[in-house]
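Single-structure report; data block below.
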Ligand code: MLT
Ligand code: MN
Ligand code: ZN
């Protein structure tokens with residue numbers, strides 16, 4: 001059985017975002033029917049003692065404070081954190097690595113591509129390479145997730161390339177696709193040695209070819225990119241000039257959107273995560289929230305816990 005804790009459910013910026021006065025941000029600031037959410041990350045464990053964090057959010061310090069199972073339990077300086085897995089090099093997924101300096105030993109897994117990005121940015125040397133081993137994920141293979149001593153955490157991961165794009169802070173405006181390569185964005189299928197079903201974690205996904213959908217077996221669960229409800233949401237709500245697709249995200253609604261695309265796939269639980277503060281599903285009485293709920297989707301929230309058996 002895989003234990004799952006949602007450490008953060010919001011997209012980059014969080015809810016409320018420091019410089020935003022949109023409807024959801026204003027309501028969250030007042031804690032008026034909208035609960036504040038930190039930037040997206042989950043923690044998973046096979047034994048409840050050793051925890052694997054997927055993506056290191058800029059809010060990781062607050063997330064560790066808020067999550068009892070992540071508090072030190074075995075020594076004066078200790079942490080249940082054994083491992084960090086990365087799905088891409090987006091700032092909202094790697095900035096938290098800087099907060100994990102303090103001489104704790106863990107393993108850091110990412111694609112070769114993302115490891116090269118970290119290697120070329122010397123600020124990540126705050127993580128002592130003797131204590132924090134950087135390991136390349138083997139794509140399309142189920143592999144054990146190891147702790148810093150080479151022990152098996154009991155968690156199994158299968159990484160696979162999904163449609164996406166290079167991190168915004170690495171974009172090259174002068175080249176096709178801003179310099180994106182396939183390994184820029186991956187999805188993860190997470191389970192344990194004994195679990196029947198897996199949890200698919202895809203917090204950023206630009207499109208859904210059948211080859212991705214067919215990876216999920218009936219009864220598997222899904223945490224999927226819930227950045228926006230419509231493709232032009234950032235533009236129409238007046239906060240930005242980029243569409244969801246320009247940012248490498250598939251909107252929830254529309255004929256090609258996530259709700260329609262996943263509707264034919266038999267799943268256990270399906271949840272949206274990485275939800276941008278402009279997304280009307282955050283508002284309790286919105287028709288958009290009713291629409292995704294009616295389609296069988298849950299909206300993940302900070303502190304949410306569940307198990308995948
Ligand atoms: C994204 O999810 O598209 C990125 O986090 C955007 C960003 O880097 O701010
Ligand atoms: Mn993001
Ligand atoms: Zn906002």
Original post:
Short version: what are the Cα gyration tensor semi-axes of the range 163-235, square root of 5 times each eigenvalue, largest first, in whole Å?
Top reply: 28, 15, 11
Original post:
Got the relative contact order for the range 78-151 handy, in percent, Cα pairs under 8 Å and 6 or more residues apart?
Top reply: 38 percent
Original post:
If you take the alpha carbon radius of gyration of the range 1-153 and divide it by 2.2 N^0.38 Å, what ratio comes out, to two decimals?
Top reply: 1.08
**OP:** Go ahead and run the numbers for FRET between residue 119 and residue 91, Cβ-Cβ distance against an R0 of 25 Å, rounding to 0.05.
**Re:** 0.90
Original post:
Plugging the Kirkwood radius over Cα pairs into Stokes-Einstein for the range 184-309, at a temperature of 10 °C and a viscosity of 1.306 mPa s, what D comes out in µm²/s?
Top reply: 106 µm²/s
Original post:
Within the range 150-262, what percent of beta bridges assigned by DSSP are antiparallel, to the nearest 5?
Top reply: 70 percent
Subject >> Computed label-point distance, nm, for sites residue 152 and residue 255 using a 7 Å Cα→Cβ extension >> reply: 4.8 nm
Subject >> Per-pair calculated FRET efficiency, R0 = 22 Å: residue 19 and residue 298 via Cβ, rounded to 0.05 >> reply: 0.15
**OP:** Using only the Cα atoms, work out Rg/Rh for the range 63-184, with Rh taken as the Kirkwood radius, to two decimals.
**Re:** 0.99
**OP:** Using only Cα atoms, figure out Rg for the range 113-209 and give it as a multiple of 2.2 N^0.38 Å.
**Re:** 1.24
Subject >> Distance between modelled label sites at residue 77 and residue 126, nm, 7 Å Cα→Cβ extension >> reply: 1.6 nm
Subject >> Whole-percent pair-distance distribution, where bins are 20 Å wide, for the alpha carbons of the chain >> reply: 35, 60, 5
Original post:
Percent antiparallel among DSSP beta bridges with both residues in the chain, to the nearest 5?
Top reply: 50 percent
Original post:
What do you get when you divide the Cα radius of gyration of the range 47-116 by 2.2 N^0.38 Å, with N the number of residues?
Top reply: 1.09
Subject >> Debye equation applied to the C-alpha atoms of the range 134-186, log10 I(q)/I(0) at 0.31 Å⁻¹ >> reply: -1.15
**OP:** Calculate how many DSSP beta bridges within the range 94-205 are antiparallel, expressed in % of all such bridges and rounded to the nearest 5.
**Re:** 70 percent
**OP:** Could you tell me the distance between the Cα centroids of the range 182-258 and the range 81-146, to the nearest Å?
**Re:** 22 Å
Subject >> the chain, relative contact order [Cα under 8 Å, separation at least 6], % >> reply: 20 percent
Original post:
Between 203, 284, 251, which gets the highest mean-square fluctuation from a Gaussian network model of the chain, Cα cutoff 10 Å?
Top reply: 284
**OP:** Mind grabbing the base-10 log of I(q)/I(0) for the range 4-54 at q = 0.15, 0.18, 0.25, 0.28 Å⁻¹? Debye formula, identical points on the C-alpha positions, no solvent, two decimal places.
**Re:** -0.48, -0.60, -0.83, -0.95
Subject >> Space enclosed by the convex hull of the alpha-carbon atoms of the range 83-148, per residue, Å³ >> reply: 76 Å³
Original post:
Quick one: Debye curve from the C-alpha atoms of the range 229-297, no solvent, what's log10 I(q)/I(0) at q = 0.16, 0.24, 0.27 Å⁻¹?
Top reply: -0.54, -1.16, -1.37
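The numbers here are math on the coordinates, done by the rules we state, and not lab data. All of these numbers come straight from a predicted model, not from anything done at the bench. Counting neighbours? That spans all protein chains shown, and the Cβs are built from the backbone with ideal geometry, glycine included.
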